[in-house]
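The block underneath contains the structure these notes are about, expressed in structure tokens.
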Amino acid sequence: MLARSIAFLYRFLMEQWFDVTKRIEASALAAAQQAGLDTEVFTADVRPADPRFGDMQVNGALPYAKRHKTNPREIAQKLVAALESDEAVAAVAEISIAGPGFINFRFKPEFFLNWLKAFSSEEAFRKSASRLYANERVVVDYGSPNTAKQMHVGHIRSIVIGEAICRLLEYCGAEVTRDNHIGDWGTPYGKLFYAYNRHLDEKALKDDPLGELERLYKLGSNLAAEDETVLEECRQELVQLQAGEAESMALWKRVNELSIQGLKEVYDQLDVTYDHYLGESFYRDRVEAVYQELKDCGLSEESKGALVVFHPEHKRYAEQPFIIRKSDGASNYATTDLATMLYRHEHFRATRIIIVTDDRQKDHFEQLDLTTSKWFEKTGRNRPIFDHVMFGKINGDDGKPIKSRSGDPIRLKALINEAVDRAYTIVKKKNPNFPEDELRNIAQTVGVSSIKYADLSTNRTSDYVFSWEKLLAFDGNTASYQLYAATRIQSIFRKVDPSDLENLELKATVFETNEEIALARKIIEFVGAIQVTIETLRPHMLSTYLYELSGVFSTFISADKVIVDDPGKKARRLILCQRTLLALKAGLSLLGIKTLERM
RNA sequence: GCACUGUUAGCUCAAUUGGAUAGAGCACCUGACUACGAAUCAGGAGGUUGGGGGUUCGAUUCCCUCACAGUGUACCA
């Protein structure tokens with residue numbers, strides 16, 4: 001009871017400091033006003049500082065002085081004078097000026113301890129973040145494979161990055177719809193059906209539906225390339241499908257069901273669940289409306305027999321058309337994407353639409369965005385914010401897109417299985433006495449996490465080089481390193497006497513060692529790390545933070561023993577352990593990674 | 001041709017979008033388990049940020065130019 005009211009008190013006192021960056025920014029702006037600076041121009045520019053100089057820094061004096069052609073150091077001095085008269089700030093931090101006019105804040109150890117006392121639960125951590133995107137309805141379109149084909153390594157990025165973005169948005173209060181815009185309609189079906197009707201291996205279809213469908217498609221494709229008459233029969237198959245001929249539709253439906261079932265097996269392993277699989281076929285009856293509306297708006301025009309949209313104000317898209325109907329009268333990618341934008345606006349009432357694909361589609365989505373904004377504006381619709389979250393390629397050692405030894409792309413399913421197998425070998429070797437079930441479970445988590453983390457730890461816009469070694473590495477900036485740190489913490493909680501965990505906040509004495517302070521400081525940076533990640537939609541920002549947190553924790557745990565005689569010291573170190581675990585678990589789960597009790 | 005990316009330690013990657021002495025891991029070299037888990041930690045060495053110019057208090061980041069690589073550029077998705 002007492003402990004609870006104490007916690008409440010701390011929470012009340014520290015509320016304004018949850019987001020340290022924002023709090024300092026507010027003070028800096030107030031100080032600027034007090035110091036008589038032009039607040040229209042002044043921006044605080046608050047960021048974490050190099051620990052050698054302080055905990056946070058305000059850099060705003062420099063650009064301000066530049067603009068006003070005055071001495072930055074003088075500006076900084078005025079700001080500091082005003083900041084020091086702000087009691088709330090002066091009470092928690094030492095303020096100093098360095099170099100040309102950097103203002104450094106070094107927090108007192110009491111401040112760190114109070115912060116950690118105040119924010120002691122997952123819910124408390126989530127609190128500030130959950131306001132960022134409240135009232136937003138976001139449709140995230142990611143994964144998006146073609147049906148009747150196996151997913152290969154190339155698909156991993158969209159799935160993993162997209163899922164992390166979904167989780168981050170949800171954490172920040174948004175209502176998220178996960179939509180898998182599968183490629184389930186179009187020309188490949190003619191060739192697939194041709195082969196299916198003549199060369200189907202029933203047993204193979206039962207054992208490995210996607211593998212067999214893929215084999216049939218390739219077979220059809222090869223046969224059609226060799227023989228004109230086969231090609232013609234493929235076309236006929238397609239015509240029948242597009243005409244909605246019953247037998248053809250039944251087969252299409254069956255292929256689709258098998259495909260989605262096969263895809264879901266992989267998604268299950270990756271812990272990804274979609275709300276919808278609204279593929280291209282879903283929009284096939286909605287494209288007429290798009291043609292009509294764009295014509296009525298005067299946006300589209302006929303060019304070389306096709307219906308296209310030009311954007312005269314754009315240096316490139318004034319000449320390079322956005323083709324919305326091919327000269328043979330058929331729809332294409334652009335058409336269904338426009339129909340999709342409309343549907344997401346009308347049906348999901350999306351305030352924001354995020355599409356996660358590789359960067360080769362950059363032009364397409366720029367044109368889509370331009371076209372949609374004009375179209376929606378002319379028809380009086382609110383335009384959702386649109387983000388094309390793009391990513392680079394996965395290359396082999398030779399700098400070319402990765403292929404397996406046989407020359408085919410590496411299958412995603414095989415990749416996951418191999419990762420889990422390799423993890424099993426290691427886990428078994430480290431822990432020969434763990435029960436078999438647990439070993440399997442740990443291997444599954446470690447293997448899958450390693451794959452995901454490999455993608456989430458690098459900047460999504462760059463290409464990266466694939467290697468089994470790197471993907472399944474268990475040291476350095478990897479999932480395993482962080483999972484290990486988490487298990488170390490939990491191991492301590494298994495060792496500690498339960499009575500030691502009571503009323504930690506009351507018993508804890510103030511931090512003393514460098515390692516304690518460094519860890520406390522790092523935990524508090526969690527808030528900022530989440531914000532930077534969500535603003536830039538770059539999950540590697542969070543990965544980097546979590547890796548650093550794990551590293552600082554490892555340093556702490558090696559230097560400072562937790563279970564010691566001194567009850568105050570023990571309590572404060574247990575608080576550090578608890579909050580580290582909290583931040584690690586929360587952060588990793590946002591990346592789609594589960595933590596383990598032991599490994 | 002034009003446009004968009006990119007080029008950072010031997011290798012694989014960072015650098016909070018213009019901030020302080022460019023950081024990690026791997027590999028290499030030294031140390032630390034009778035220890036709350038060594039899947040760890042402490043330390044060393046390794047850099048003209050592709051080349052050259054420019055902008056300014058300050059540049060991996062912005063501008064110009066050259067080189068190299070990748071991608072896109074009218075009916076594939």
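The values are calculated or read from the model by the stated rules, or taken from the named source; none is laboratory data. Since the model is a prediction, treat every value here as computed from it, not as a measurement. For neighbour counting, all protein chains shown are included, and Cβ atoms are generated from backbone atoms with ideal geometry for every residue, glycine included.
Tabulated data for the structure shown
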read-out: Residue satisfying all of: in segment A:213-234; exposed (fewer than 15 other Cβ atoms within 10 Å of the Cβ) and part of a helix (DSSP H, G or I); modelled with the lowest pLDDT among these; value: A:225
read-out: Condition broken by residue A:110, with the remaining ones in (1) surrounded by fewer than 22 Cβ atoms within 10 Å (Cβ to Cβ); (2) under 24 Å from residue A:532 (Cα atoms); (3) at pLDDT 95 or above; (4) not basic (Lys, Arg) satisfied; value: (2)
read-out: Check on residue A:323, exposed (fewer than 15 other Cβ atoms within 10 Å of the Cβ), among the hydrophobic types (A, V, I, L, M, F, W, C) and in contact (Cβ under 8 Å) with a residue 12 or more places away in the chain; value: no
read-out: Residue count, segment A:24-78 (criterion: within 15 Å of RNA strand B (Cβ to nearest atom), more than 33 Å from the chain's Cα centre (by Cα) and of a type in the set (Asp, Glu)); value: 1
read-out: Meets criteria (within 13 Å of RNA strand B (Cβ to nearest atom), under 30 Å from residue A:534 (Cβ atoms) and either in a strand (DSSP E or B) or among the aromatic types (Phe, Trp, Tyr) (or both)) for residue A:424; value: no
read-out: Residue list for segment A:443-459, restricted to those being near RNA strand B (Cβ under 6 Å from one of its atoms) and assigned to a helix (DSSP H, G or I); value: A:446
read-out: Cβ pairs under 6 Å, 6+ apart, first in segment A:508-525 and free of Cβ contacts under 8 Å to residues at least 40 places away in the same chain and at negative phi, second among the small types (Gly, Ala, Ser) and surrounded by 19 or more Cβ atoms within 10 Å (Cβ to Cβ); value: none
read-out: Matching entry among A:526, A:553 (being out of contact with any strand residue (DSSP E or B) (no Cβ under 8 Å at 6 or more places or on another chain) and closer than 29 Å to residue A:176 by Cα); value: A:526
read-out: Total residues in segment A:460-501, condition without any contact (Cβ under 8 Å) to a residue 12 or more places away in the chain, farther than 22 Å from residue A:583 by Cβ and not in a helix (DSSP H, G or I); value: 1
read-out: Helices (runs of 4 or more DSSP H) completely within segment A:1-91 that count 2 or more residues being under 25 Å from residue A:529 (Cβ atoms); value: A:2-14, A:20-34, A:61-68, A:87-90
read-out: Filtered residues of segment A:438-468 (kept if over 17 Å from residue A:156 (Cβ atoms) and among the acidic types (Asp, Glu)); value: A:438
